[in-house]
Amino acid sequence: MSLNLTYSKINKIFEPDSKNPVHALKDVSFSIEPGELFCLLGPSGCGKTTLLRATAGLETITSGHILYGDMDMTSIPPFRRNIGMVFQSFALYPHMNIFENVAYGLRVRKMEEKEIKRRVTEVMELVGLTEELKRNPSPTGLSGGQQQRVAIARALVYDPDILLLDEPLANLDAKLRRYMRAEIRRIQKATNITTIFVTHDQEEAMAIGDRLAVLHKGVVEQIGTSDELYTNPSNAFVANFIGKMNFFNASLVGSHSAKIDATDVTVEVRPERSRLEAGLKKGSEVFVGARPEQLEIVEEASDQTIAATVQIIQHLGQVVRYEVLLDKAISPATMEIDMPHYLSNVREQDSVFIRFKEGMPFLFNREEQN
Ligand SMILES: Nc1ncnc2c1ncn2[C@@H]1O[C@H](COP(=O)(O)OP(=O)(O)OP(=O)(O)O)[C@@H](O)[C@H]1O
Ligand SMILES: [Mg+2]
């Protein structure tokens, strides 16, 4: 029976006695449900691999507890934790055929030959390699995606309680990655093994995970479904990391209102869409944020519009994306605005006006986003 996997106040400090200790995980606490496909998402160096390795017992933690159900795993040696892991480099044995690659761990456990054959055949069918198993080449005779399937089969063949996947698709080309996303979801749902999938690719995390955690410099910034994170980001970092968010430099004029820099536009934000820390003074520098679909282009100026120049117009199927430039004081970056259809009078290099859709903008502390 599958149980909750719970992280409770995990801290990991590498080289604690050196001049430059690295605090790689900071009070990480969350819980994963039985059978869940959970994504751990964050930029390079944020602590993803460290958390996976700690889960597998390959890395000690400085403080905190990792619980499987009520059982504290922290003191259990790696080989007793029933965990399968797939590494970014597939780490297959080139001198063995694929059957032996998958069977290896079972042989080490001195399983009966008949049972090994049954399990390997079954797991290779699950990952879609039945035909390849008949030929049974060395992994070097397989494509990248097929090698990745062998690596997944090798992790699944023990029937683990938990499966850990560390950027398993990173070495595949874009098309294969998209295909393997769906495959991993299919395999995970078929086995129902509690799985953590690590990636730094937000699109991949949103496509694969039942829920995701955004990790930033060792801190869990937010946990939720991709929809929750997209519609309700808890801070500017998450807003910028999950989907596109346009940020406007502004200064606070009321508890939920801000004046956009270099304009006379004051934006009133719904209280529930304000992410400001408590007690911020009037005049504080903040961001007004809006998703591309929360802005619109209009041809006439008003007291609610901001002047802009259209850079690029792209038809993306469902929407038409307008990339526009504003006064540098408002934002040095290009803004992206998604309109439901082409504006017949607007061309690239034209001057236009943009405005926020009613009730849509967010307010964020002006903080670093990377
Ligand atoms: N053995 C180690 N000794 C010292 N510092 C380490 C060690 N392993 C990792 N770190 C540091 O801990 C932090 C987290 O590293 P980690 O490998 O977990 O990041 P990551 O999120 O997996 O990044 P990536 O996406 O690049 O794989 C980094 O600052 C890294 O330099
Ligand atoms: Mg890593």
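Some points to look at:
- Gyration tensor over alpha-carbon atoms, segment 200-278, equivalent ellipsoid semi-axes in Å: 28, 13, 11
- Estimated from helical segments only, the mean residue ellipticity of the chain at 222 nm is -7000 deg cm²/dmol, where each DSSP H run of four or more residues counts as -39500 (n - 2.57).
- Linear extension gain, Val319 paired with Ala182, 0.36 nm per residue minus alpha-carbon span: 46.8 nm
- Label positions at Thr266 and Val253, each projected 7 Å from the Cα along the C-beta direction, are separated by 0.4 nm.
- Ordered by 1.4 Å accessible area with all protein chains kept, His65, His95, His256, His341 run largest first as His95, His341, His65, His256.
- Of the residues Thr60, Thr195, the one with the largest accessible area comes first in the ranking Thr60, Thr195, computed with a 1.4 Å probe on protein heavy atoms.
- Intensity falloff of segment 179-338 expressed as log10 I(q)/I(0), Debye formula with alpha-carbon point scatterers, at q = 0.15 Å⁻¹: -0.93
- Relative contact order for the chain: 15 percent, from Cα pairs under 8 Å spaced at least 6 residues apart, divided by residue count.
- The chain: antiparallel DSSP beta bridges as a percent of all, rounded to 5: 75
- In the elastic network of the chain, a GNM with C-alpha springs shorter than 10 Å, the most mobile of Val198, Val127, Val319 is Val319.
- Antiparallel content of DSSP bridges confined to segment 156-314, in %, to 5: 75
- Kirkwood Rh and Cα Rg combined as Rg/Rh, the chain: 1.06
- Across segment 244-365, Cα pairs under 8 Å and at least six residues apart give a relative contact order of 34 percent.
- Placing +1 on each Lys and Arg Cβ and -1 on each Asp and Glu Cβ, with no other charges, gives segment 270-345 a dipole about its Cα centre of roughly 340 debye.
- GNM remark for the chain: springs join alpha carbons under 10 Å apart, and the peak mean-square fluctuation among Lys357, Lys175, Lys189 falls on Lys175.
- Relative pair counts by distance (%), Cα atoms of segment 244-365, 5 Å bins: 2, 12, 23, 25, 18, 12, 6, 3, 1, 0
- Per-residue ³J(HN,Hα) for segment 75-90, Karplus 6.51 cos²θ - 1.76 cosθ + 1.60, θ = phi - 60°, Hz, x for Gly and Pro: 9, 8, x, x, 6, 8, 7, 7, 10, x, 10, 10, 8, 4, 7, 4
- Check: segment 1-83 dipole with +1 on Lys, Arg Cβ and -1 on Asp, Glu Cβ, in debye: 200
- Separation of alpha-carbon centers, segment 26-79 and segment 89-126, rounded to whole Å: 26
- Sites Arg135 and Ser2 - FRET efficiency at Förster radius 41 Å, r taken between beta-carbons, to 0.05: 0.75
- Dipole orientation for the chain: of the candidates Ala278, Pro137, Met71, Pro137 has the Cα lying most toward the positive pole (charges on Cβ; Lys, Arg +1; Asp, Glu -1).
- Under 5 Å, built H, 5+ apart or other chain: amide partners of Met85: Leu164
- The equivalent ellipsoid of segment 35-114 has semi-axes of 27, 19, 12 Å, largest first, where each one is the square root of 5 times an eigenvalue of the Cα gyration tensor.
- For Ala190 and Lys357, a Förster radius of 41 Å and the Cβ-Cβ distance give a FRET efficiency of 0.45, rounded to the nearest 0.05.
- Gained length - Tyr158 relative to Asp27, 0.36 nm times residue gap less alpha-carbon distance: 44.0 nm
The values are calculated or read from the model by the stated rules, or taken from the named source; none is laboratory data. None of the values given here were measured: they were computed from a predicted structure. Neighbour counts run over all protein chains shown; Cβ positions are idealised from the backbone, glycine included. In case anyone asks, the SASA skips ligands and DNA or RNA and just uses the protein heavy atoms, side chains included. Shrake-Rupley method; radii C 1.70, N 1.55, O 1.52, S 1.80 Å.
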